[in-house]
Amino acid sequence: MKNERFLKLLHNYAKLIVYRGLNLPKGRVIKIDASIDQPEFVNILTEECYKAGAKHVIVKFTSAEAERMIYERTELSELKKLLPYWKEEKKYAIQHDFSSIRLESNDPYYLNGVDAKKISRPHQISGHYVSKLRRSTNFYYAPYTIACVPSKAWAKRVFPKLTPEKAEMALWELIFEVVGVTTTDPYKKWDEKCHHLDARAKWLNSLNIKSLHYTNKLGTDLTIGMTERYRFAATADYDRYTHRIYYSNIPTEEAFVSPHRLKTEGVVYASKPLCENGQMIEGICLHFHHGKIVKATAKKNETLLKTLIKTDSNARYLGEAALVPFHSPISQTGILFYNTLFDENASCHFAFGECYSYTYRGYDKMNRRQLKHAGLNFSSTHIDFMVGTPDLNITATTRDGKQVPIFQNGDWAKM
């Protein structure tokens, strides 16, 4: 039963997405992508967008069941074709700076058993097309936010012993708790956390790091090199047109950077399953040499993993390294969410594929060719995988030869 308290928390969550996530400037067009599982929350979110000054709100509902049928019943040759409608929609949204909100709800196994090529190949082709469009705007991204709302199917994965209805409510309560909307002042809670992460990022940037060395008992022994003008970012993105700060992920617990694409060496073991394209990949192990993934194995769904790293010529290189303490609020729940947005904020993680160019100082005065020469990686994919453990140690080597502990036993070392 949804009582007055629950409805208030729904509104608090929607406000956090709009006022801290998008930090919405008046007069914007907002596009909301959501599952049909949560129409009530989408209505609340739409209302808050208009209250914040949105010019128009466009809502696009999707269905996990319908998407599965499309993959199963459409020939691969047809899935490879980009429909003119889809292309024009993407082009119009990018050229007119649509801000967007994506609400994730799907059961992490909703595409389990579907031919991996039918899933990955259309994503590759559409990714290439969007990447090409982005180049025309020098890879400008209008403010966007990704957040999660429960579906009964997803909630049952997280709480398998509960009924679908009780599982859904339990997952809602968990989401409310970890994003901080159960507090008396959710904005204050959010801002305090972001201030702490900003301080960590400034500390990392002051060290003039040459490389980071990761080790743990899983077998991870990996060194990643930094670009000469690296910049750790923490939580916030910057809209260089409106000069407003926005947050692309709710929740967020990370300080992150794009490492040098050619300077990763060693082996890394994933500490959590990876949910990608409606399927779970488990037991991931990646070997790197000169920045490139030269060997990729998995205990489950290895074929999909290998397909993902073949998305394009740069998918085999790292685009992100993110630092998240093992005892973050999400990790403290002890629950595997089966959702990358939540699980990556419970664990240090990497992503192979696309970089975040704004983690390179002076990026806005450089073109794509110059940024690639500086060591950044550009790809049509970006796949996060978790590597954090309770015994993870990360040590920085600075450019003047000092060894500085960054993580000790899974958590931040002292500054």
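Odds and ends about this structure:
- Database remark: amide H of L162 closer than 5 angstrom to no amide H (H placed geometrically; neighbours at sequence offset of 5 or more, or on other chains; Pro and chain starts carry no H).
- GNM result for the chain, Cα springs below 10 Å: residue of I245, I70, I284 fluctuating most strongly: I70
- Fraction of accessible area attributable to carbon and sulfur, region 204-260 (%, probe 1.4 Å): 46 percent
- The residues of region 342-415 have, on average, 40 Å² of accessible surface per residue, using a 1.4 Å probe with all protein chains present.
- Over all other residues within a Cβ to Cβ distance under 12 Å of S77, the charged ones net out to +3, with Lys and Arg as +1 and Asp and Glu as -1.
- Taking each DSSP H run with n ≥ 4 as -39500 (n - 2.57) and averaging over every residue of the chain yields -10000 deg cm²/dmol at 222 nm.
- Centroid-to-centroid separation of region 227-297 and region 19-51 [C-alpha atoms, Å]: 27 Å
- Centre separation in Å (Cα based) which lies between region 88-109 and region 193-208: 30 Å
- Signed unit charges on C-beta, dipole axis of the chain, positive-most listed residue F159, I58, V257: V257
- Average accessible surface area per residue within region 38-189, 1.4 Å rolling probe, Å²: 53 Å²
- Coupling constants for region 203-217 follow from the phi torsions by the Karplus curve (6.51 cos²θ - 1.76 cosθ + 1.60, θ = phi - 60°), and in residue order they are 4, 4, 5, 6, 7, 6, 6, 8, 7, 10, 10, 9, 9, 7, 6 Hz; glycine and proline get x.
- For Y144, the residues whose modelled amide H falls within less than 5 Å of its own, excluding neighbours fewer than 5 places apart on the same chain, are S100.
- Reported label for calculated P(r) over Cα pairs in 10 Å bins from 0, in percent given [x] 5, 22, 29, 25, 15, 5, 0, 0; [y] 4, 18, 24, 20, 12, 6, 5, 3, 3, 3, 1, 0; [z] 4, 21, 33, 29, 11, 1, 0: [z]
- At 1.306 mPa s and 10 °C, Stokes diffusion of region 263-330 via Kirkwood alpha-carbon radius, µm² per second: 122 µm²/s
- Expressed as a whole percent, the accessible surface of region 1-152 that belongs to carbon and sulfur atoms is 52, based on a 1.4 Å probe.
- Shown in residue order for region 320-336 are the 3J(HN,Hα) couplings computed by the Karplus curve 6.51 cos²θ - 1.76 cosθ + 1.60 at θ = phi - 60°: 8, 10, 10, 10, 9, x, 4, 9, 6, x, 5, 4, 5, 5, x, 10, 8 Hz (x for Gly and Pro).
- Antiparallel bridges, percent of DSSP beta bridges restricted to the chain (to nearest 5): 75 percent
- Distant-in-sequence amide contacts of V57, defined by a placed amide H-H separation under 5 Å and a gap of 5 or more residues or a different chain, comprise I30.
- Placing +1 on the Cβ of every Lys and Arg and -1 on the Cβ of every Asp and Glu, with no other charges, gives the chain a dipole of roughly 1300 debye about its Cα centre.
- D411/L83 FRET efficiency (R0 51 Å; Cβ-Cβ; nearest 0.05): 0.60
- Fraction of accessible area attributable to carbon and sulfur, region 268-415 (%, probe 1.4 Å): 48 percent
- Check: region 141-212 dipole with +1 on Lys, Arg Cβ and -1 on Asp, Glu Cβ, in debye: 340 debye
- Relative packing of 176-183, 285-292, which averages over residues the other C-beta atoms within 10 Å, highest first: 176-183, 285-292
- Contour minus Cα-Cα distance for I70 and H11 (0.36 nm per residue): 17.8 nm
- Simple label model, 7 Å out from Cα along Cβ direction - I36 to Q95, nm: 3.2 nm
- At most 16 other Cβ within 10 Å, DSSP loop - trypsin sites (Lys or Arg not before Pro), region 135-225: K161, K217
- Test item: Cα-centred dipole of region 223-345, Lys/Arg +1 and Asp/Glu -1 on Cβ, debye: 420 debye
- Most mobile listed residue (P39, P164, P259) in the chain, GNM with C-alpha springs under 10 Å: P39
- Evaluated at q = 0.12, 0.21 Å⁻¹, the base-10 log of the normalised Debye intensity for region 1-147, with identical point scatterers placed on the Cα atoms, takes the values -0.61, -1.34.
The values are calculated or read from the model by the stated rules, or taken from the named source; none is laboratory data. Since we're looking at a predicted model, the values are computed, not measured. Counting neighbours? That spans all protein chains shown, and the Cβs are built from the backbone with ideal geometry, glycine included. Protein only, heavy atoms only, side chains kept; ligands, DNA and RNA dropped before computing areas. Shrake-Rupley method; radii C 1.70, N 1.55, O 1.52, S 1.80 Å.
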